[in-house]
Each structure stands twice: as C-alpha cells, then as structure tokens.
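What follows is calculated from the coordinates using simple rules that are stated; it is not laboratory data. Being a predicted model, the structure only gives us computed values, none of them experimental. When we count neighbours, we look across all protein chains shown, and the Cβ atoms used for this are built from the backbone with ideal geometry, even at glycine.
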Amino acid sequence: MSALTSACGLAATDYTLTIAGENAFILYLATQQISPAAAQQIALATTQLSPMVGQQLIELLPSYASLLIVFDPLQHSHLSIKPLLVQALAKPVNLLSQSPAKRVELPVWYSEQSGPDLLAVATAKGLTPAEVINLHSSTSYQVYAIGFAPGFAYLGELPEALAMPRLSSPRASVPAGSVAIADRQTAVYPAASPGGWHLLGRCPIAMFTPWQSPAMPVAVGDQVQFIPISEREFTLLGGTL
Amino acid sequence: MSSLRIISPGVLSLLQDAGRFGQGQLGLTQGGPLDQHSFRWANTLVGNPINTTLIEHSVGGLIVQAQGACTVAVTGATLPLSHNGHAVPCWQALHLAPGDELALGNVSQGLRVYLAVQGGIQVAPQFGSTATVMREGIGGLRHPAADDPQHRLGGHKLHANDCLPLTSTNVTRVSLAGAAQNSMPQNTMPQNTVPQITPVAPLPPAVTQQTLPGSSILRLRIIEGYQAALFSAIERARFYLNPYRVSPKCDRMGYKLTGSAIRCSTQQLLSEGISAGAVQIPPDGQPIVLLNDRQTLGGYPKMGNVLSLDCWALAQATPGTEVQFMPISVEDAHNALQLDAARFTREAQRLGLTSALTQLQGRHHD
C-alpha cells in the first residue's frame, strides 16, 4: 500500500464496510497491517466522515487499520447510511483544510529506578541500557490508536531491535506515567493500572487530565518523540516516583 | 436547593444518564443505563426528558430521604418498595414530602432498578454526559472546584450521606399533559414550573416485564458481523444450537457466558473499535457479550452483536440464567427497534406522558 500523496479520497477498492451491530459499520482497509500508510488512510477516512458526526453519525472510532462508524438506528439503517458513507469517503480532500498532525515531545527519565525492566530488556536484546535508551528515544512514533483506558495511546513502530513479547505474567499495578514497550509498540500508562508491557522509564507529563481541555497532549495521527531527561529534570517537571 | 439524601446506597448505586457518546477517541466508553427500557420509563413516568440523570441501582438495599418535596418513580427489577414503611408500587410516580424515606428491598426478579426524580439529579456532565464509569474515574457526583485533584475526579458509586441536588421545587399545579403541550426544550425542565404529576394508571405487564427473565430460556438475537466469516459452519452451528449460561463474571463491562467452546480460525487481530453488544470469542471459546462499560478497543474475534433490546434483558439476568443465540438479519433488527420505539411512544401517549418519540430519536445528540 503506497502512502497517499494526492488529494484523492478513498476508492471503493481501498476498504470494505462490514456490519458491526444494529447501529454501526466497521471500515476495514484492504490490508490489515500496522503501518504508517494504513494510519494515514484511517486518518483520511476519519477526516472525510467527521462532518457527519452530530448529523447522521454519533461516533467515529479509529484504530490501526479500521474505523468504527456508529449511527442512530432509529433514524438510519445500514441500507440508507452506506451510500452516504461511500460518497463522503470518495470526496476529494482539500489537504490544506486538514488540521496537520502535531509533533509532540514527551520527556522520559530512563533508569533502573524508574524503569524496572530496562536492564532485563537490554540483556534480552544483547544491548547496553544506554543503547536501549538511545534506540527508544531516537525514533519518531505515530499515534496509531487510543483505547484500552482513557488516554492510553498506542505508538509505533518500535525499532525491531527492541521488540519483546508481553510479560508472561502481567503486573498487578503499573505506575502512572510508566513508559513501556511490547512487540513493535510503545506507550505511556496514563494512570496506574494492571499491565503486561516492559517498563523503561517514567514520563512526568500527564497523558489524561479530565478537567483540562484538551484532556490529552496527543491525538490519533500525531507524531511523538521521547526526550531523555535526568531524575532532577523529572522532579522539576512535576514527576514523582 | 432541594436534594435527595442517600441513607444507604445498597449493593451498588450509580448516577447515569443515557450515556457518553462521541468520546471514544479519548478512550472513553459509553456508560449509561444497562436496561434502557426501564431507564426511559423511569424518566417518562415523572415527566422527564429521557436523557435525564437518575440512579441505576443493582440488587437491592438503596434507601433515600427527600430533603424537599419531590416526585419519583422506580422501575426495572421486581422488588419490594416502601414509602415511610408502607408498601408502594413500582412503575408509578410517587410524591415524597420533605423528610420522607423511600426504601428498596432486595430484587426477586431481575437485577437493575432505576430511580428517577422529577426534574432530574443535577450534576455537571463530564465529556458531555453524567454517566458514571467507575473504571475510568469519570462521571457521577464530583466536586469540580476542589483543590485536591483527587476530589475533582469522578467515577464514584454513591455513598451514604451523599446529597444529590435536585431542581428547585417551586411546584405549580400544572397537569402533566399541559406541560407536554408547552413543547419544552429537550433535557431542560423549567426551573419554576415543575409540573405536578398525578399518578397514572398502572402500566401493563408487557411494559413492566419486558426486560425481566421469564420461565423460558432468554433469547439473544444476534446480528452477524465483524469476523463472523472467520468461524466455520460447524462452529456457527455449535454457537446457535447450544444453550449458554450466564457466568458469575458479569458486570457493567460485559457478561461472560459458559457452554460449548467456539473455535475461530484466527486469534490474532489488530485491535479495533468495539460496538455495543459485540460478542467476543476469546481463546477459551466462551463468549463474552460486551455491554455499556466495555473497553473501546479490542483484538479478539467477534461473531456479531446482540440486539440492544436483548442486551437490556441480559443485563437483568443473574448468573445461571440460560440463554440461546439466534441470528437475525439487519432488516429484522431495525424492524424490532422501530417496533419497540413505536410501542413505547404509543404507551406513553396513551397515559398522557409527553412526546416520547422525538426524544428517543434525539437521544444521542444531546
């Protein structure tokens, strides 16, 4: 799948619309793979359908290579809504009117203290902890999806050299702000929760603040770069262990 | 300002409105009433727009005290209801005087009960809704001005001595039918013209029993979708021909069922958006019907979605209840929804209770 560079909308061959209950379709891209190109197409589909939210649609829920499209089943049926979706998806896009993806820098204090799995990851991958930190923080990640918990952003792709399967036995509680990796993905835990990812460090920036607007520093499609900081800087930025 | 004081929250009491929509991109789930049929009737019986905040109570034991005159209605599961110690009926508007106590006993049929108050419980919405989602720490009774961020967080179940603010009770004697003709804007009750509700004729059993378990197996109509094509004909036959039982793992997130294990040709999917009623088949092959507080994304294969009307009944089912899946077409699903909405409107209009259908249709856009 090539990256979209032109101002074309989605062609009917790019996706399928599958039924997802009495009030929803799920749009699947023809290729079900995690890739920047897939993320770009999903972002495009979300942009194309956004004007319909609050009118014919109730909710759009993008993920890696799919977009859940929810409507009010008392006002619309699958039969009546489908042509509207196909039409909206095919519309030419004015790329200038699209809100550009943000580039967000997130500070991370990488250490054995703040990232209890840093050493284990380094050992498993035949690297030094400094090499792990360098690999993790020198990559720019795309926000592929937000879910699992409020503010939990799935970021990819993690360099192959750091890819690790999830812990065989998840931790009962991962502290808020933990910067973690699993497979080809990385994330910051927005709140303390159970979790099976490997912890490399801590980010002092809140990922989900319900009483602020916006509630999250990132949105699907944004680019995230982790910036290594010291323990002192972590504390100055409001972080606590 | 008048209020309703919680004397005892019982097993579980949560503030809920119709639910939180359009916030999935932050990872926020839907929340809202598990049994929407009983929820909308509770609000309708006291003359509220159907998206009004009320108490969803589970299992029994809730006791409230009116701090001012108010009108309430209790719907949902069957339970003994008493007003200052005297038995009173459910599914009817009741007037409480200042100091009066309303006590809910333990459910004998069903699980969820809805206590609506005329004018609604006045709490500030969070992300467009007052629905309480405990797992997310969102919605319900909060203290937004508190200095300590912990107190600003929501998601709390109700506790003894919580005071739920109500609209002012400067009751003017207007008939309910009159109030309906005034074409009130949705979801706002005029502050100084709270209509005096006269209790209406009892609702027929078809209404009060709609979502409660009967003597026969609970039928779960399912609209095939998502990964249905990844299940072989044999697995699908197994899924539809065998009954399942509600397991003890049942809550506002979902109902895990036990029975014949279903195999899927694929176990590894990219995480994708989960719509209401989705039937997820995890590696152990035991189906999970995902309800209001489901996680927004998930990667297990899904057979399709249970019709909302049947999800409401499932949420009233206790562990051990026998259920049977039955496939229906999307057309049949839409017919069933339209029929249910029409029945609700007809019954509400017969009782002179407000213009319910327009509210039903607009409920997601509030």
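Mean shadow of the protein assembly as shown, computed from the convex hull of its alpha carbons, in nm²? Don't skip to the end; give the middle numbers.
On the way: hull surface 111.3 nm².
Quarter of the Cα hull surface area: 27.8 nm².
Considering only DSSP states other than H, G, I, E and B, which trypsin sites (Lys or Arg not before Pro) in the stretch B:1-109 qualify as loop sites with at most 14 other Cβ atoms within 10 Å?
Working: sites: B:Arg5, B:Arg20, B:Arg40; in loops: B:Arg20.
Answer in residue order: no site qualifies.
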- [ ] Mind giving me the FRET efficiency for A:Glu112 and B:Ala206? R0 is 45 Å, r the Cβ-Cβ distance, nearest 0.05 is fine.
- [x] 0.10
- [ ] Tell me the Kirkwood hydrodynamic radius of the stretch B:194-280 in angstroms, computed as one over the mean inverse distance between distinct C-alpha pairs.
- [x] 16.8
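Other chains' Cβ within 10 Å of B:275-281 residues: what's the mean?
Mean partner-chain Cβ count within 10 Å for B:275-281: 4.
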Task: Sorted peptide list for B:284-291, A:121-128, criterion being average Cβ within 10 angstrom, highest first - done: B:284-291, A:121-128
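What is the magnitude of the charge dipole of the stretch A:103-236 about its Cα centre, with +1 placed on the Cβ of each Lys and Arg, -1 on the Cβ of each Asp and Glu, and no other charges, expressed in debye to the nearest 20? List each step's numbers first, then the result.
On the way: 7 positive and 10 negative charges, 43 e Å.
Value, rounded to 20: 200 debye.
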Task: Amide H contacts of A:Ile58 (H built 1.01 Å from N, under 5 Å, at least 5 apart or other chain) - done: A:Val70, A:Phe71, A:Asp72
Open item on the list: Roughly how far apart, in whole Å, are the Cα centres of the stretch B:260-323 and the stretch B:27-45?
Closed with: 20
Task: 10 Å Cβ neighbours from other chains, averaged over peptide B:94-102 - done: 0
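Count, for each residue of B:330-343, the Cβ atoms from other chains sitting within 10 Å of its Cβ, then give me the mean as a whole number.
Values: counts 7, 3, 1, 7, 9, 1, 2, 5, 3, 0, 1, 2, 0, 0.
Mean inter-chain Cβ contacts per residue within 10 Å come to 3.
Lys and Arg at +1, Asp and Glu at -1: add these up for the other residues within a Cβ distance under 14 Å of B:Ala317 and post the number. Show your work: numbers first, answer last.
On the way: positive: B:Arg112, B:Arg219, B:Arg245, B:Lys249, B:Arg252, B:Lys256; negative: B:Asp35, B:Asp251, B:Asp310, B:Glu322.
Counting the neighbours of B:Ala317, the net charge comes to +2.
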Task: A:Ala11/A:Ser138 FRET efficiency (R0 41 Å; Cβ-Cβ; nearest 0.05) - done: 0.70
Open item on the list: So for each of B:320-329, A:151-160 I average, over its residues, the number of other beta carbons within 10 Å; can you give me the resulting order with the highest mean first?
Closed with: A:151-160, B:320-329
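State, to one decimal in nm², a quarter of the convex hull surface area for the C-alpha atoms of the stretch B:218-333, i.e. the direction-averaged projected area. Don't skip to the end; give the middle numbers.
On the way: hull surface 25.2 nm².
Result: a mean projected hull area of 6.3 nm².
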Task: Against the rule of thumb 2.2 N^0.38 Å, how large the Cα Rg of the stretch B:21-138 comes out - done: 1.09
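Where the convex hull is taken over the Cα atoms of the stretch A:12-97, what is its projected area averaged over directions, in nm²?
For the Cα atoms of the stretch A:12-97, the hull's average projected area reads 5.5 nm².
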Task: Per-selection Kirkwood Rh - the stretch A:103-236 (Cα, Å, 1 d.p.) - done: 14.6
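Based on DSSP H runs of at least 4 residues, each adding -39500 (n - 2.57), what is the mean residue ellipticity at 222 nm of the protein assembly as shown after dividing by all its residues, to the nearest 500 deg cm²/dmol?
On the way: 13 runs with 117 residues, N = 607.
Taken over the protein assembly as shown, the calculation gives -5500 deg cm²/dmol.
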- [ ] Convert 37 °C to kelvin, take the viscosity as 0.692 mPa s, use the Kirkwood radius over C-alpha pairs of chain A as Rh, and evaluate the Stokes-Einstein diffusion coefficient in µm²/s, rounded to a whole number.
- [x] 170
